[in-house]
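The values are calculated or read from the model by the stated rules, or taken from the named source; none is laboratory data. Predicted model, so just to flag it, every value in this text is computed and none were measured. Backbone-built Cβ (ideal geometry, glycine too); neighbour counts: all protein chains shown. With ligands, DNA and RNA removed, areas are computed over all heavy atoms of the protein, side chains included. Shrake-Rupley method; radii C 1.70, N 1.55, O 1.52, S 1.80 Å.
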Amino acid sequence: MYRAIIGAYPSDVEAWIQLAEVLFHYGPLAGRSIAHSREAWERVLAFEPEHLGALYHLARVASVEGRRAELDLLTDRVLALSPQSERALEARALRAFSLGDPEEQERVLAEVRLAPDGAALGIMRIVATYTDNLAGAVALAQTVTAETRSDEVCALAHISIAYLQVARGRWGAARAELDSAARVDPIWALEARGHLATMPFTPWSPDELQAVRDELL
């Protein structure tokens, strides 16, 4: 639909934005890389050079593709346009954990510890999704397990860490995080345990599967 609009009205910026959004967020569901959205986002910038959404999405694409210099440049542009916003911290986190800058990572972690729950969890998700730095995503999630956070948020953070540890092949660490989540929210932790137990690549024994099944019942 958006391609049809662009075909008739090639300077329709909103149509380019929506096409880029569809390609970026829904292309992966059809097995296509988010990189397929690059051209559309670049067309948005051609019309609106300071479009923050286009810049930030292109930074994510650059991170996934390993375009380090491009990511660095795009992040600078985001920070110049929005230096004090939540989006600025997200951009800095993406760059720091994608490029492996330990000093900037520590600065980001310190700020995330003070960030609101939603912002902190969102930054963790972005690093986990758009970089290959799962250890960094774990470190970010750990900032949300402090006693100052609500029980719900702490449980979600522990469960998120469990999934990240599974992605790293660390089954024992994942189980430990689920145990930590259970001490805060046993029902939510049990649901996550049941989900992970049925994954074909997790080494759960038949006895463990039966135990989880019995608990769920």
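Just to be sure I understand, how many residues within the range 179-217 are among the hydrophobic types (A, V, I, L, M, F, W, C), open to solvent by 90 Å² or more (accessible area, probe 1.4 Å) and closer than 22 Å to residue 145 by Cα?
Final tally of qualifying residues: 1.
Please list, ordered by first then second residue, the pairs with beta carbon atoms under 8 Å, 6 or more apart or interchain, first in the range 188-217 and farther than 12 Å from residue 166 by Cα, second part of a loop (DSSP other than H, G, I, E, B) and of a type in the set (Ser, Thr, Tyr).
That search, which allows pairs on different chains as well, returns 209/198.
Select from the range 163-178 the residues that are hydrophobic (A, V, I, L, M, F, W, C) and either over 26 Å from residue 148 (Cβ atoms) or in contact with a strand residue (DSSP E or B) (Cβ under 6 Å, 6 or more places away or on another chain) (or both) and list them in ascending order.
166, 167, 171
Those residues that are over 26 Å from the mean Cα position of the chain (by Cα) and assigned to a helix (DSSP H, G or I), I need them from the range 1-35; list them, please.
2, 3, 4, 5, 6, 7, 8, 13
What is the one condition in (1) of a type in the set (A, V, I, L, M, F, W, C); (2) more than 27 Å from residue 38 (Cβ to Cβ); (3) without any contact (Cβ under 8 Å) to a residue 12 or more places away in the chain; (4) surrounded by 15 or more Cβ atoms within 10 Å (Cβ to Cβ) that residue 174 does not satisfy?
(3)
List pairs: first in the range 131-158 and assigned to a loop (DSSP other than H, G, I, E, B) and open to solvent by less than 30 Å² (accessible area, probe 1.4 Å), second modelled with pLDDT of 90 or more and of a type in the set (Lys, Arg), Cβ under 8 Å, 6+ apart or cross-chain?
143/113
For the range 36-58, indicate whether the set of residues that are open to solvent by 60 Å² or more (accessible area, probe 1.4 Å), in contact with a helix residue (DSSP H, G or I) (Cβ under 7 Å, 6 or more places away or on another chain), of a type in the set (A, V, I, L, M, F, W, C) and part of a helix (DSSP H, G or I) is non-empty.
yes
Check 118, 122 and return the single one that is in a helix (DSSP H, G or I) and free of Cβ contacts under 8 Å to residues at least 12 places away in the same chain.
Result of the check over 118, 122: 118.
For residue 70, indicate whether it is in a helix (DSSP H, G or I), modelled with pLDDT of 95 or more and under 22 Å from residue 136 (Cα atoms).
Yes; evaluated as a whole, the condition is true for this residue.
Looking at 97, 24, which is the one that is modelled with pLDDT of 95 or more, within 19 Å of residue 143 (Cβ to Cβ), surrounded by 17 or more Cβ atoms within 10 Å (Cβ to Cβ) and in contact with a helix residue (DSSP H, G or I) (Cβ under 6 Å, 6 or more places away or on another chain)?
Of 97, 24, the one residue that is modelled with pLDDT of 95 or more, within 19 Å of residue 143 (Cβ to Cβ), surrounded by 17 or more Cβ atoms within 10 Å (Cβ to Cβ) and in contact with a helix residue (DSSP H, G or I) (Cβ under 6 Å, 6 or more places away or on another chain) is 97.
Condition check: hydroxyl-bearing (Ser, Thr, Tyr) and either more than 24 Å from residue 122 (Cα to Cα) or over 23 Å from the mean Cα position of the chain (by Cα) (or both). Does residue 205 satisfy that?
yes
Tell me the residue from 88, 80 that is open to solvent by less than 10 Å² (accessible area, probe 1.4 Å) and either without any contact (Cβ under 8 Å) to a residue 40 or more places away in the chain or touching a Leu at 6+ places or on another chain (Cβ under 7 Å) (or both), please.
One residue alone meets the criteria, 88.
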